Amino acid sequence: MESILKGYFNSLKGKKVTVIGLGVSNRPLVEGLLDAGVKVLVCDKRRREDFGGLIESLERRGMTAALGLDYLDHLEGTDVIFRTPGLRPDVPQIERAVTAGAELTSEMEAFLDLCPCRMIAVTGSDGKTTTTTIIAGLLKAAGYRTFVGGNIGHPLLCQVDDIRPDDMVVLELSSFQLMTVRQSPSIAVVTNLAPNHLDVHKDMDEYVNAKRNIFAYQDSGDRLVLNADNEITAGFAARSRGTVTLFSRKKALEGGVYLRDKIVICAGRPVLTTDDILLPGLHNLENYMAAIAAVDGLVPDEVIQEYARNFGGVAHRIELVRELDGVRYYNDSIASSPSRTIAGLRSFKQKVILIAGGYDKHIPYDALGLEITASVKTLLLTGDTAEKIKESTLAAPDYQEGEPEIFDCVDLQEAVEKARGLARSGDVVIMSPASASFDRFKNFEERGNVFKNLVNSLK
């Protein structure tokens, strides 16, 4: 019997296949296509020398490459285009190719079509990775053979033959991945929605519509998990064709997941207490509520309780780096939006020393300024958005001169050193940038690792 993956790759033989972007998710795809004898053109804006010999290695296997600034000017005659998630599907070169008859897809879209088992997918502005990790951890603890992919884990398309019908797949999906999907998982989770990625999306409506695709193709037998406390996600319920399960930290929900006297209730039964949850912060309580709604009927409550008592969180998400002279240093580099930083600040019962600023995604900072005046005693700013964050803080109605103190720093190293000099025993220092990392770093992981190295080198 022909394997699922081999059958898919065989269907592409004789076609001109273009893969845009030779990144983490697309490299296994390119190698698999070449192994199957498919003619592959790789287009990437990076230069040949940026790949350290990889291009030459793949060319020896039959790949051709279009590299550099004009990398998209070579799509003529293409039959199938695999888009990298960070590239808009409506750039002129792709639109012309699609108009001429090319099929536009992606590694993730192909996997969604081919996956033989039940899938749970998570999206949202904040909390995606932690919620995805919790769901996968709960399934594994309950004995399921579980695969994790999308924005985290590994590219799954080339693993599709290893996945059995009784396994589980858990995906974290970004708005960029969801823009063009035509398949939805059997269980879809939307943690929350707030302005984000408006440097790439045309406007908030496009961003919301992309997120909506996670459940747009569900049917009556599927489940949609939504945050009832978020106006946008709560509004999705009316559009769902599947069963909707709501979760709320603020109000009781018949049949949903909600908080009552420090007890998380699911479908009328107590599942766990807030004291069971090792992760700090109300946003992590919401992440657990979303996960519980997703795995209800799949994972026993006692497994959920045991997992919550032991799961210490995901790197770069309010990650305790070190305690030095009574000062605790936290890495929250994942916080690439104001709403994420606000959630991080609310995780602490005291005013903190905040290091913030980074790449500008053209989203408003007004709400962050309000939270900074309430939760921050010292604000250290660096990066492209430093001035915007400062202006939002100074404009906050409750701002008083010196509350918080505000310092401009040349870079992250100066910010860490400044924090070290200002902090006293009992203080919390947290890097929670409220901005993306691309002004100075490759990604948020690199930014977080630089921060951790700086903190760990403090004497």
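Distances between placed amide hydrogens fall under 5 Å for Leu246 paired with Leu226, Val257, all partners being 5 or more residues away or on another chain. Work from the charge dipole of region 240-341 (Cβ charges, +1 for Lys and Arg, -1 for Asp and Glu, about the Cα centre) and give the residue of Thr341, Gly297, Ile265 farthest towards its positive end. Positive-most Cα among the choices belongs to Thr341. For the residues His74, His283, a 1.4 Å probe over the protein chains yields an accessible-area ranking, largest first, of His74, His283.
An oblate overall shape is assigned to region 370-459, the ratio a/c of its alpha-carbon gyration tensor axes (a ≥ b ≥ c) being 1.5 or greater and a/b not exceeding b/c. May I ask for the angle, rounded to the nearest 10°, between helix 412-422 and the longest principal axis of the chain, with both axes built from Cα atoms and the value confined to 0 to 90°? Value to nearest ten degrees: 20.
A 1.4 Å probe run over the protein chains yields, for the chain, 43 Å² of accessible area per residue, whole-number rounding. Under the classification rounded if a/c is under 1.5, otherwise prolate if a/b is larger than b/c and oblate if not, where does region 195-268 fall, given a ≥ b ≥ c as square roots of the Cα gyration tensor eigenvalues? It comes out oblate by the Cα gyration axes.
On the accessible surface of region 270-327, probed at 1.4 Å, how many percent belong to carbon and sulfur atoms? Ligands and nucleic acids excluded, carbon and sulfur give 49 percent. The alpha carbons of the chain occupy a box of 67, 53, 39 Å along the principal axes, longest dimension given first. For region 206-349, the gyration tensor built on C-alpha atoms gives an oblate shape. Its axis ratio a/c (a ≥ b ≥ c) is at least 1.5, and a/b is not larger than b/c. Of the listed residues Ser11, Ser175, Ser339, the order by accessible area with a 1.4 Å probe, largest first, is Ser11, Ser339, Ser175. Computed from Cα positions, the angle between helix 204-216 and the longest principal axis of the chain comes to roughly 60 degrees. With all protein chains present, how much of the accessible area of region 346-440 (probe radius 1.4 Å) comes from carbon and sulfur, to the nearest whole percent? Its accessible area is 46 percent carbon and sulfur atoms.
Of all DSSP beta bridges located in the chain, what percent are antiparallel, nearest 5? Rounded to the nearest five, the antiparallel share is 20 percent. The listed residues Arg260, Arg317, Arg322, Arg145, once ranked by accessible area (1.4 Å probe) with the largest placed first, stand as Arg260, Arg145, Arg322, Arg317.
In this simple spin-label model, placing a label point 7 Å from the Cα along the Cα-to-Cβ direction at both Arg88 and Asp275 gives a separation of 5.3 nm. Listed peptides 126-132, 424-430, 23-29, 375-381 appear in the order 126-132, 375-381, 23-29, 424-430 once ranked by packing, highest mean of other Cβ atoms within 10 Å at the front. Projected label points at Glu95 and Glu306, each 7 Å from Cα along the beta carbon direction, are separated by 5.6 nanometres.
The values are calculated or read from the model by the stated rules, or taken from the named source; none is laboratory data. Note that this is a predicted model, so its numbers are computed, not measured. Virtual Cβ from ideal backbone geometry, glycine too; neighbours counted across all protein chains shown. Ligands, DNA and RNA are stripped out before the accessible areas are found, and what is left, the full protein with its side chains, is counted by its heavy atoms. Shrake-Rupley method; radii C 1.70, N 1.55, O 1.52, S 1.80 Å.
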